[in-house]
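The values are calculated or read from the model by the stated rules, or taken from the named source; none is laboratory data. In this text the structure is predicted, and so the values were computed from the model without any measurement. Don't worry about glycine lacking a Cβ; one is built from the backbone with ideal geometry, like all the others, and counts go over all protein chains shown. Ligands, DNA and RNA are excluded from the accessible area calculation, which covers all protein heavy atoms including side chains. Shrake-Rupley method; radii C 1.70, N 1.55, O 1.52, S 1.80 Å.
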Amino acid sequence: MSSLKVEALHREFFYNGTRIPDPAPNLTVEQVRELLTPSYPEIATASLAGRRTPEMPFATRFSRAIGSKG
């Protein structure tokens with residue numbers, strides 16, 4: 001009988017050139033967005049883009065929404 005090994009995945013978030021460590025691995029990306037919005041208000045309307053590399057399999061980038069005022 002083989003045994004399974006459970007490991008937590010390391011996630012990182014990026015916004016405006018800033019690396020933001022995962023505040024709580026048990027939260028979804030949308031919950032992380034809500035948690036970070038008081039510190040980074042622009043994240044509330046930012047688009048999300050996932051990026052996977054061998055070094056960082058779970059990196060999420062928040063990109064500011066581009067639009068015009070008025």
Sort out which residues of the range 9-20 are over 18 Å from ALA65 (Cα atoms) and surrounded by 11 or more Cβ atoms within 10 Å (Cβ to Cβ), and write them in order of number.
HIS10, ARG11, GLU12, ILE20
What pairs can you find where one residue is in the range 47-66 and among the charged types (D, E, K, R) and modelled with pLDDT under 65, the other is assigned to a strand (DSSP E or B) and open to solvent by less than 70 Å² (accessible area, probe 1.4 Å), and their Cβ atoms are less than 8 Å apart, with a gap of 6+ or different chains?
ARG52/PHE58; ARG52/ALA59
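Could you tell me whether PRO23 is at pLDDT below 75 and either surrounded by 10 or more Cβ atoms within 10 Å (Cβ to Cβ) or hydroxyl-bearing (Ser, Thr, Tyr) (or both)?
Values: at pLDDT below 75: no; either surrounded by 10 or more Cβ atoms within 10 Å (Cβ to Cβ) or hydroxyl-bearing (Ser, Thr, Tyr) (or both): yes.
No, not satisfied.
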